[in-house]
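Worksheet for the structure shown next.
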Amino acid sequence: MGRRTRPRHRPCRPPPPPTTSRPTRTPLARRSRTRGTPARRSPPGSPPGGPAITTLRFGAADLLRCRFAYSPAFETLAAVRVATGPQPPGHHRRWLARARPAGLDLRPLTLLQPRRGYTPDFLSPPPGGAAGSFADDLARIAATPPEQARAEIARSLAETPGAARTATGRLLLDGDPADVVRLLADLVASAWSALVEPHWPRVRALLEADIAFQTRRLADGGLDRLFAELHPSVRWQDGVLTREHGGADHRELGGEGLVLMPSAFKWDQVVIVLDPPWQPTLIYPARGVGNLWQPATGPGADSAALARLIGRTRARLLTGLAEPAATAWLAHRHGLAPATVSEHLAVLRDAGLVTATRHRHEVRYSRTPLGDTLAATT
């Protein structure tokens with residue numbers, strides 16, 4: 001996806017815990033991942049010396065071409081990042097404990113997903129419809145023109161010093177391009193079968209629930225309401241959508257519109273895809289992803305006991321604070337209103353279970369030793 005604008009300096013995740021580094025697809029790079037988009041001048045209006053931002057300027061025609069979609073192939077690529085290490089597991093630790101790709105050599109896919117930089121767009125092209133199947137995605141990957149695939153592979157490998165000289169890099173660059181496309185398509189299919197397909201009903205339900213929620217919000221208050229709470233790193237003002245904590249880029253959409261794509265496995269940041277031939281796409285963590293792997297039948301005995309003690313919502317917030325996080329991130333992660341989260345955090349803080357620390361312009365919450373002890377019982 002051409003230029004995925006990933007955060008080049010600091011990934012867009014729930015305020016990354018101070019000690020955790022993040023992968024960076026430029027979030028305007030999956031396109032704003034930027035999937036490896038070269039750094040550019042800060043767009044007009046960026047504060048001197050401030051964080052790099054990406055801006056998308058909407059015209060009247062663009063407002064009519066905004067739509068929601070999700071992509072099984074993108075979820076598969078993102079799951080590979082989680083399973084093989086470039087992206088921290090975050091909310092997916094329970095999934096990872098039983099989904100490790102034993103016996104599956106995913107090195108070609110991991111090498112093409114640098115920690116910061118460009119990931120070939122042909123490996124997970126933005127969906128043409130609202131809810132495509134994995135078979136549709138795979139057919140599009142397999143049909144990639146070999147010359148296009150080789151150019152994107154070379155661009156991706158150039159993002160990581162020495163990658164092109166490894167045995168896997170030489171295989172991808174020096175092999176027959178058509179054979180390399182088939183190899184990568186087969187690997188994506190194997191990763192789907194091993195990592196995502198067994199859990200797809202649950203993941204798909206989360207993505208569809210997010211789209212239903214965001215669509216209602218759009219109907220209620222237009223783009224002002226939608227973007228106000230889509231993700232803490234996204235802002236909307238005067239027809240301009242801004243994504244913070246990523247690479248610097250600026251795009252006049254010029255009637256192309258924007259695809260809004262929730263993701264379960266890209267849980268830590270917003271990614272923007274800008275390169276042609278794809279429609280500009282913004283990929284954001286799905287609402288409520290923090291609850292994705294909770295047991296379907298409800299908390300276990302110990303979790304139920306904690307919920308009876310402090311309340312179910314407070315128990316979820318406490319157990320979910322494995323890393324320091326701000327109110328806005330917790331609200332997005334658990335699918336709650338920010339005011340609700342603030343109220344519960346105040347109670348947990350008064351009880352000595354969490355502590356609050358100011359970090360620049362925001363307050364981050366983390367568990368106290370007593371909070372860790374209670375959370376460890378779940």
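The values are calculated or read from the model by the stated rules, or taken from the named source; none is laboratory data. From a predicted model like this one, the values you see are computed outputs, not experimental measurements. Note: ideal-geometry Cβ built from the backbone for every residue, glycine included; neighbour counts use all protein chains shown. Each accessible area value is taken on the protein alone, full model and side chains, heavy atoms only, with ligands, DNA and RNA left out. Shrake-Rupley method; radii C 1.70, N 1.55, O 1.52, S 1.80 Å.
Extension gain, A151-D186: 0.36 nm per intervening residue step, less the Cα-Cα distance, totals 10.7 nm.
A simple spin-label model places pseudo-atoms 7 Å from Cα toward Cβ; at E343 and S133 they are separated by 4.5 nm.
Ordered from largest to smallest accessible area (heavy atoms of protein chains, 1.4 Å probe), the residues R165, R140 come out as R165, R140. The simple spin-label model puts a point 7 Å past each Cα toward its Cβ; for A322 and R204 those points are separated by 2.7 nm. Taking 0.36 nm per residue of sequence separation and removing the Cα-Cα distance, the A97/C66 pair yields an extension gain of 7.4 nm.
A 1.4 Å probe run over the protein chains yields, for region 140-257, 47 Å² of accessible area per residue, whole-number rounding.
Here the accessible area of region 147-244 is 51 percent carbon and sulfur, with a 1.4 angstrom probe and all protein chains present. Each of the peptides 237-243, 158-164 was scored by the mean count of other Cβ atoms within 10 Å over its residues; in descending order, highest first, they stand as 237-243, 158-164.
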